[in-house]
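Enquirer: Supplied in structure tokens, the structure appears directly below.
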Amino acid sequence: MDTAIFDLMVIGGGINGCGIARDAAGRGLKVALCERADLGGATSSASTKLVHGGLRYLEHYEFRLVREALQEREVLWGIAPHIIWPLRFVLPHHKGLRPAWLLRLGLFLYDHIGGRKLLPATITRRLDDGILKPEFTTGFEYSDCWVEDSRLVVLNARDAADLGATIMTRTECLSAARADGVWSVTVRALDGQTQAIRARVLVNAAGPWVAHVLGQVIRANTSAKVRMVQGSHIVVPRLYAHDRCYIFQNADNRIFFAIPYERDFTLIGTTDQDYVGDPADVHATEPEIAYLCKGASDYFAVPVRPDQVVWTYSGVRPLYDDGAGAAQEATRDYVLTLDAPEGGPALLSVFGGKITTYRRLAEAALEKLASHLPAPSGASAGWTAHATLPGGDFDRLGFGALVDDMLKDRPWLPPATATRLCRAYGTRATRIIEGAKSLSDMGEWFGADLSGAELRYLAREEWARTAADVVWRRSKLGLRLTQSEIIRVDEALAALAEHHPAY
């Protein structure tokens, strides 16, 4: 690695860390990022997969957060239309809970405070298709967006690297100390080799480990006001045929979603409860699974049972501790704390935040650090609102045309495979199949339309090192692969790493 001083060193390869690295690299700053595991391997891949304003946050008077998030929906859709697209949500009126007038007022604000331009407005609709219980006769349908969360993280890292950033995965930050006017950072790679890095500014974007980094890695004097909140999701076989989502109210004032997922499934979540322990050990508990099944069964005409669950995932949100009583009442807004002693290099720590507002968080972070960084030599502030992420350089309303173009000269490629590749990689999908004249030219087929060509691309371009990186984060093909097929993916990746060390 270049021994020159980096302008910015980021600890943490989640959405906030990768978003900050991308924005800074685009401004011409010299950036390094280290992530001790896989990119987006924790909280950032355990979301409900929504780019949304957060309808329920209006009840907690978080109008600034909701407005900023609503504004970001169409911005993010514009820069990453392959992994972000509009969805319609149906909110049934539950006569025993919030009154209809309050729901309609909230949705009126939702439609009008965020600069909505392309997304359709709210409508009132009858619920008479037999999917829900007969007592739910009226609902409100409004717009938000879907996001492939872990792919959003990887694409920010990929663009940061394309812009000159050094991205180090499977690399743990062991220590960081102020020395000679800069940060002296020691990192350790998976093979045990350590490396010294110097940087003018350090950003602690370690997500659920933000307090650990402050206390054990940096040994800072500042306290970490972080509240760990667990959110779990379940996946069951598809519960209904249409493409709309449901947002349900629970009697405990929480809300949860039921969302069409990966064509053949329904995603249900999330829970909200305080968490104590190592975030790496988080998992969906039996009470959480039962809670989500019961909540869904209160609405759906056909009950949802725990024995239907085919997959679960869980994450820990590192929220800023604002003293709220219940976990669901804790703020989802981000808080950036700056520690910049006189004459010493600055430390910025990131608390909280939502995937929806990651880009704005990055802008706010760089604005806060502006006086501690060299003058930008690249793009100006705000550039990420207009520059597409890798693969997103096509008309957001023209996804079908993108798939048609891929199939035009490739009659041998199954349309479902072309669609999945375009959804995951956008215009860069052609890099995977470049030169192939038939399916056999794509290399080994591992199952669920995962090819050797795609595996090589993921190892070469997207830092994939294990089967879990590929089948649960770069994709969700793990829902369709057998355990023996997943083991074979691991073996193929190990062989790639052995014969191509650059991967």
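None of the figures in this text is laboratory data; all of them are computed from the coordinates on show. As the structure is a computational prediction, the values presented were derived from the model and not from experiment. Please note: Cβ atoms are built from the backbone with ideal geometry, for glycine as well, and neighbour counts cover all protein chains shown.
Enquirer: Within 10 Å, count the other beta carbons around each residue, average over each peptide in 173-186, 78-91, and list them highest first.
Expert: 78-91, 173-186
Enquirer: Ranked from highest to lowest mean number of other Cβ atoms within 10 Å per residue, what is the order of the peptides 400-412, 25-37, 346-358?
Expert: Ranked by mean Cβ neighbours within 10 Å, highest first: 346-358, 25-37, 400-412.
Enquirer: Rank by packing, highest mean first: peptides 233-240, 133-140, 436-443, with packing defined as the count of other Cβ atoms within 10 Å averaged across residues. Could you put the intermediate results ahead of the total?
Expert: Details: 233-240: 19.2, 133-140: 16.0, 436-443: 14.1.
Descending mean neighbour count gives 233-240, 133-140, 436-443.
Enquirer: Right, next: In whole percent, what relative contact order does region 299-373 give with Cα contacts below 8 Å and a gap of six or more residues?
Expert: 23 percent
Enquirer: By a straight-distance test (C-alpha under 27 Å), which lysines pair with LYS408 as possible cross-link partners, with residues fewer than eight away in the same chain excluded?
Expert: LYS437, LYS476
Enquirer: Next question, about the same structure. In the calculated pair distance distribution of region 399-499, what percentage of Cα-Cα distances lie above 19 Å?
Expert: That fraction is 39 percent.
Enquirer: According to the square roots a ≥ b ≥ c of the eigenvalues of the Cα gyration tensor, what is the shape class of region 340-394, taking rounded for a/c under 1.5, prolate for a/b larger than b/c otherwise, and oblate for the remainder? Could the numbers behind the result be given before it?
Expert: Values: a/c = 3.46, a/b = 1.60, b/c = 2.17.
Judged from the Cα gyration tensor, region 340-394 comes out oblate (a/c at least 1.5, b/c at or above a/b).
Enquirer: Label region 171-218 by shape, choosing from rounded, prolate and oblate, from the square roots a ≥ b ≥ c of the eigenvalues of the Cα gyration tensor; if a/c is under 1.5 it is rounded, and otherwise prolate applies when a/b is larger than b/c, oblate when it is not.
Expert: Taking the square roots of the gyration eigenvalues as a ≥ b ≥ c, region 171-218 is oblate.
Enquirer: Separate question: Quick one: in the chain, what % of C-alpha pairs are over 31 Å apart?
Expert: When all Cα pairs of the chain are counted, 45 percent exceed 31 Å.
Enquirer: Here's another thing I want to ask about it. Taking a cut-off of 17 Å between Cα atoms, list the aspartates and glutamates near LYS368, but don't count ones fewer than 8 places away on the same chain.
Expert: Filter leaves ASP7, ASP23, ASP333, ASP339, GLU342.
Enquirer: So, one more: Shape call for region 170-289 from the C-alpha gyration tensor, a ≥ b ≥ c root eigenvalues: rounded (a/c under 1.5), prolate (a/b greater than b/c) or oblate? If you can, show how the numbers build up before the last one.
Expert: Details: a/c = 3.14, a/b = 2.29, b/c = 1.37.
Prolate shape, in that a/c is at least 1.5 and a/b is the bigger ratio.
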